[in-house]
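This report refers to the structure that appears directly beneath it.
The values are calculated or read from the model by the stated rules, or taken from the named source; none is laboratory data. Since the model is a prediction, treat every value here as computed from it, not as a measurement. Glycine also receives a Cβ, built like all others from the backbone with ideal geometry; neighbour counts cover every protein chain displayed.
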Amino acid sequence: MTTTTTSPVLTATGVTMRFGGLTAVQAVDLDVHPGEIVGLIGPNGAGKTTFFNCLTGLYVPTEGSVAYRGTVLPPKPHLVTQAGIARTFQNIRLFANMTVLENVLVGRHTRTKEGLWSALLRGPGFKRAEAASKARAMELLEFTGLADKADHLSRNLPYGEQRKLEIARALASDPGLLLLDEPTAGMNPQETRATEELVFAIRDLGTAVLVIEHDMRFIFNLCDRVAVLVQGQKLVEGTSEVVQSDERVIAAYLGTPFEGAPGAEEAAEVEAAEAGATPGATGGATQDGAQRGTTARTEDGQ
Amino acid sequence: MTTDKTQPTAVRKAEAGAPAPRTTLLRALTAAGGAAAVVSTFLAWTWTAEFPGDLTVYGYPGGLQLLTLVLGIATGVFALAALDLKGLRWLTPSGSTQALRMLALGTFAVTWFTVIAIAVDLDGLVNLEPGGWIAAVVTAVPVATTFLLPDDTRPLCRPKELPSWAEILIIAAVFAVGLYVVNYGIQTDADHPEPFIGYLIAVGFAAVALVKAGLISRVSELTNSYRSVTLVAALITAIVFPFFQDKSSFTELGVNIAIFATVALGLNIVVGLAGLLDLGYVAFLGVGAYTAALVSGSTASTIDVRFPFWAAVITGGVVSLIFGVVIGAPTLRLRGDYLAIVTLGFGEIFRLAMLNLDGTSGPSVTNGPDGIPNIPPLEIFGFNFNDEHSVGGISLDSNGNYYLLMLLVTVVVVLIFSRAGNSRIGRAWVAIREDETAATAMGINGFRVKLIAFALGATLAGVAGAVWAHFQSTVVPEQYVFAGPVPPNSTFLVAAVILGGMGTIGGPLLGATLLYLIPKKLEFLQDYQLLAFGVALILLMRFRPEGIVPNRRQQLEYHETGQLDVPGATGLKDGAVGVTKAEA
Ligand SMILES: Nc1ncnc2c1ncn2[C@@H]1O[C@H](COP(=O)(O)OP(=O)(O)O)[C@@H](O)[C@H]1O
Ligand SMILES: [Mg+2]
């Protein structure tokens with residue numbers, strides 16, 4: 001189910017990122033439409049995070065452009081956020097020594113204007129803006145289920161809650177598009193389920209979501225559309241069914257070399273190394289997937 | 001079976017209710033030891049008045065004996081509190097043993113320091129009177145007994161409900177005692193280091209003891225629930241300080257402390273909040289001081305203008321701001337330690353430029369090494385700062401006038417720090433300090449926000465410099481070095497911030513006070529000041545990386561991970577209720 005008729009929130013055109021000789025992202029086109037949840041999958045090192053960094057201005061793409069609602073964005077992170085794209089990080093990057101509430105308040109930065117003077121003079125306008133920011137931040141903590149931890153230091157939160165806080169902090173800038181980089185990494189099945197619900201709720205609030213994830217069940221449950229990135233290039237894009245049944249995806253994602261793919265052996269090696277503990281190099285990932293399936297089913301049965 | 005089961009419970013109950021006889025005995029012995037220490041201070045410890053303080057008289061304690069006396073009393077009283085004496089239990093909300101150990105060690109250390117100092121200063125143990133021997137022996141007793149006591153550290157228990165006037169009275173009393181203690185230290189004899197060393201030992205051990213007993217947490221709960229009362233009390237304490245000084249030189253110490261503490265607090269915005277390492281901060285103080293001197297109407301100034309004081313201060317601040325922006329704008333765009341290197345260079349360039357703008361090596365602006373002397377005394381509304389004025393029968397000399405003026409600047413900087421720090425921009429500073437990448441990804445314009453912090457810091461230093469120039473009535477380039485034996489220098493300021501506690505208000509104030517006062521009172525240390533800084537910072541990083549005054553966030557961390565969690569939280573909640581009540 002795609003909504004190609006509406007104009008997209010995000011239009012990435014020919015985004016290419018080279019680090020010296022390494023082309024981490026190569027000519028990737030991607031559109032995200034309002035109300036959509038789009039998945040971005042691919043093996044480790046495929047360039048997904050690098051692509052996110054290009055979208056949010058943390059990297060200046062070597063080639064290509066990124067547009068938000070039709071306006072081309074300058075590659076400056078704070079301007080991208082101001083425009084309406086917010087993100088979370090794969091390796092959690094909270095402000096460790098700030099409280100949970102303060103973290104979310106920092107996320108409000110672009111949507112408030114009070115500068116140094118108004119902070120020093122503390123006029124009624126300042127107090128009102130501060131109170132409004134706090135109220136909005138508490139609302140978001142309520143939404144993500146962290147309200148009772150508002151006064152805790154973010155570094156003292158358990159891992160799963162830190163990921164949620166990253167989402168709350170990103171939502172604080174009232175984004176039109178939310179980029180989630182592996183939001184369920186390190187979560188147990190229950191937490192993953194809760195995050196799934198959270199992402200649906202975010203979409204229902206009118207924010208489009210672009211999500212990187214390794215958990216296939218999560219992705220195929222959630223996404224209206226999935227793009228597959230392999231070796232920096234977009235391999236396929238389509239609905240869950242299309243992507244799931246695409247032979248090249250199965251081959252690339254599960255690590256079996258497919259014909260003519262440059263450097264596919266390396267990708268396979270990485271996959272094998274990852275599967276490491278599980279006997280049978282290629283079987284590893286499949287087994288893993290099967291296990292997830294069973295866990296999920298028992299869970300559903302409960 | 002049943003008896004087997006009930007017996008241990010009974011025993012445990014007994015243990016919890018009444019302590020083992022051995023513990024009671026040890027506590028009683030500790031109390032007795034404290035009392036004996038008190039008695040010993042009424043004896044003569046030496047026979048000659050050559051040793052500073054009056055330790056030769058039977059009948060009343062003097063000099064360093066007073067410290068033994070106070071700590072002895074404290075040991076005794078806390079031991080009685082440990083014995084559950086009615087009316088004293090409030091002294092040890094989080095356990096008595098650790099506090100008693102510290103007090104016993106403090107009494108012991110001060111007494112032995114005194115006795116040994118007498119023997120060393122006067123060449124030989126023969127100079128000790130029997131009183132000194134007795135004191136040395138009896139102060140060892142509580143040390144032994146307290147280290148045999150079982151540790152009874154417990155989570156902070158809930159305080160008894162007190163009427164709010166009583167709580168406010170407690171805050172006032174705390175500040176009064178604080179003023180007395182600070183005064184005592186400042187007024188120690190500067191010609192002899194012994195009294196001040198003894199004072200430092202006593203205050204150090206007593207402070208740790210109060211922390212261990214839980215009294216400091218108790219007081220900070222109170223100050224948290226009565227914020228405005230606390231601020232007023234602090235302000236009054238600071239205002240009355242000069243009226244208690246019998247020597248003008250003591251007030252001068254106060255002025256210098258106020259100036260350096262203020263400058264350190266300004267630096268704390270840059271270093272502590274925004275996380276920008278500024279190693280040339282003293283140059284901004286210099287920019288303000290030189291600017292104010294040039295427009296002050298000094299006969300030695302190369303500019304023939306005479307601005308009123310307020311205009312000189314504003315000019316000093318503005319010129320400093322301009323320098324801050326000029327230095328900051330190119331460097332703050334870069335990540336990493338460029339700023340530290342550039343500011344270090346700026347500090348040196350400023351000093352060398354002031355040295356060379358003397359008419360021979362460069363244009364004639366600053367008179368080179370001679371500086372700009374003869375800055376006329378301040379006059380605000382006909383109030384001449386160099387004259388003595390009488391306030392309600394108590395006269396205030398020049399130093400007193402400048403002290404009060406400087407205090408005003410300090411209050412302004414404290415207000416700026418707390419208001420800016422607790423706002424959108426302050427949160428952005430802390431976010432940048434914590435993780436610049438994440439902060440920019442949250443929409444913070446890192447460059448802009450850092451430049452604001454840097455420029456604000458520079459401006460505040462410029463304002464303080466303008467006041468300082470008038471107080472000193474002269475400015476010379478050699479005051480503004482990177483590191484040197486006399487403050488202010490950039491190392492001194494950074495050390496004050498780090499030692500005191502980054503990101504806090506109290507930290508730099510306390511840090512600057514200690515770092516200024518200690519070398520001032522212990523002249524022999526002055527040559528080793530930098531070495532002492534180094535050692536102090538290493539010790540600090542090892543034992544208390546958050547600084548002497550931890551900031552709220554670190555305190556929170558402690559509260560969340562430590563045992564104090566639940567009672568602490570309820571205490572805070574009560575406090576919040578108290579505030580709303582007070583405001584309503
Ligand atoms: N800043 C950088 N400099 C050099 N190489 C980089 C940089 N960032 C990412 N890469 C490389 O780009 C490739 C893609 O990485 P990444 O985007 O993190 O993959 P993914 O998120 O899909 O697992 C990797 O080979 C990585 O080493
Ligand atoms: Mg990644």
Could you look through the range A:112-130, keep only residues that are assigned to a loop (DSSP other than H, G, I, E, B) and more than 8 Å from chain B (Cβ to nearest Cβ), and pick out the one that is surrounded by the fewest Cβ atoms within 10 Å (Cβ to Cβ)? A:LYS113
Could you tell me which residue of the range A:69-83 is nearest to the chain's Cα centre (by Cα), considering only residues that are farther than 18 Å from A:HIS109 by Cβ and in contact (Cβ under 8 Å) with a residue 40 or more places away in the chain? A:ARG69
Which condition breaks for A:GLU139 when tested against (1) within 14 Å of chain B (Cβ to nearest Cβ); (2) among the charged types (D, E, K, R); (3) more than 19 Å from A:PHE52 (Cβ to Cβ)? (1)
Going by what's in this entry, would A:VAL209 be described as touching a residue at least 40 places away in the same chain (Cβ under 8 Å) and touching a Gly at 6+ places or on another chain (Cβ under 8 Å)? no
Give the residue, chosen from B:VAL475, B:VAL467, that is touching a helix residue (DSSP H, G or I) at 6+ places or on another chain (Cβ under 7 Å) and under 20 Å from B:ASP358 (Cβ atoms). B:VAL475
Residue, surrounded by the most Cβ atoms within 10 Å (Cβ to Cβ), within the range A:147-157, restricted to residues that are outside any helix (DSSP H, G or I) and out of contact with any helix residue (DSSP H, G or I) (no Cβ under 6 Å at 6 or more places or on another chain): A:LEU157
Test of understanding: among B:ALA176, B:ALA166, B:ALA207, which residue is in contact (Cβ under 8 Å) with a residue 60 or more places away in the chain and not acidic (Asp, Glu)? B:ALA176
Can you spot a residue in the range A:61-68 that is away from chain B (no Cβ under 14 Å), within 27 Å of B:ALA439 (Cβ to Cβ) and polar (S, T, N, Q)? yes
Since B:ASN386 meets every condition but one in (1) closer than 16 Å to B:SER296 by Cα; (2) not in a loop (DSSP other than H, G, I, E, B), which condition does it not meet? (2)
Somewhere in the range A:202-214, is a residue assigned to a helix (DSSP H, G or I), within 16 Å of ligand 1 (Cβ to nearest atom) and farther than 26 Å from A:ALA96 by Cα? no
Restricting the range A:158-207 to residues that are away from ligand 2 (no atom under 16 Å from the Cβ) and among the hydroxyl-bearing types (Ser, Thr, Tyr), the one surrounded by the fewest Cβ atoms within 10 Å (Cβ to Cβ) turns out to be A:TYR159
Restrict the check to the range A:55-72 and report whether at least one residue is within 16 Å of ligand 2 (Cβ to nearest atom) and over 15 Å from A:PRO175 (Cα atoms). yes
Name the single residue that is farthest from the other protein chains (Cβ to nearest Cβ) among those in the range A:73-111 being closer than 18 Å to A:GLY57 by Cα and basic (Lys, Arg). A:LYS76
Out of (1) within 13 Å of ligand 1 (Cβ to nearest atom); (2) touching a Pro at 6+ places or on another chain (Cβ under 6 Å); (3) on the phi > 0 side of the Ramachandran plot, the odd one out for A:MET17 is which? (3)
Spot the failing condition for A:LEU40; the list is (1) assigned to a loop (DSSP other than H, G, I, E, B); (2) within 16 Å of ligand 2 (Cβ to nearest atom), and only one is missed. (1)
Long-range neighbours under 7 Å by Cβ, at least six apart or interchain, first residue more than 14 Å from chain B (Cβ to nearest Cβ) within the range A:177-197, second of a type in the set (Val, Ile, Thr) and away from ligand 2 (no atom under 16 Å from the Cβ): A:PRO183/A:ILE167; A:PRO183/A:THR195; A:THR184/A:THR192; A:THR184/A:THR195; A:MET187/A:THR195; A:PRO189/A:THR295
Which condition does A:ARG93 not pass, out of (1) more than 16 Å from ligand 2 (Cβ to nearest atom); (2) in contact (Cβ under 8 Å) with a residue 40 or more places away in the chain; (3) not in a helix (DSSP H, G or I), if it passes all the others? (1)
Only one residue in A:GLU102, A:GLU63 is acidic (Asp, Glu), away from ligand 1 (no atom under 15 Å from the Cβ) and farther than 18 Å from A:GLU166 by Cβ, so which one is that? A:GLU63
Look at A:THR50 and say whether it is within 14 Å of ligand 1 (Cβ to nearest atom), over 21 Å from A:GLU237 (Cα atoms) and out of contact with any Cys (no Cβ under 9 Å at 6 or more places or on another chain). no
Per the filter on the range A:179-199, residues in contact with a strand residue (DSSP E or B) (Cβ under 8 Å, 6 or more places away or on another chain) and either more than 16 Å from ligand 1 (Cβ to nearest atom) or of a type in the set (D, E, K, R) (or both) are A:ASP181, A:GLU182, A:VAL199
Residue identified as within 14 Å of another protein chain (Cβ to nearest Cβ), over 30 Å from A:PHE126 (Cα atoms) and either modelled with pLDDT under 95 or within 13 Å of ligand 1 (Cβ to nearest atom) (or both) among A:LEU58, A:LEU40, A:LEU22: A:LEU58
Name every residue in the range B:141-159 that is buried (at least 16 other Cβ atoms within 10 Å of the Cβ) and aliphatic (A, V, I, L, M), in order of residue number. B:VAL141, B:VAL143, B:LEU149, B:LEU156
Matching residues in the range B:407-456 - criterion: being polar (S, T, N, Q), part of a helix (DSSP H, G or I) and more than 7 Å from chain A (Cβ to nearest Cβ): B:THR410, B:SER418
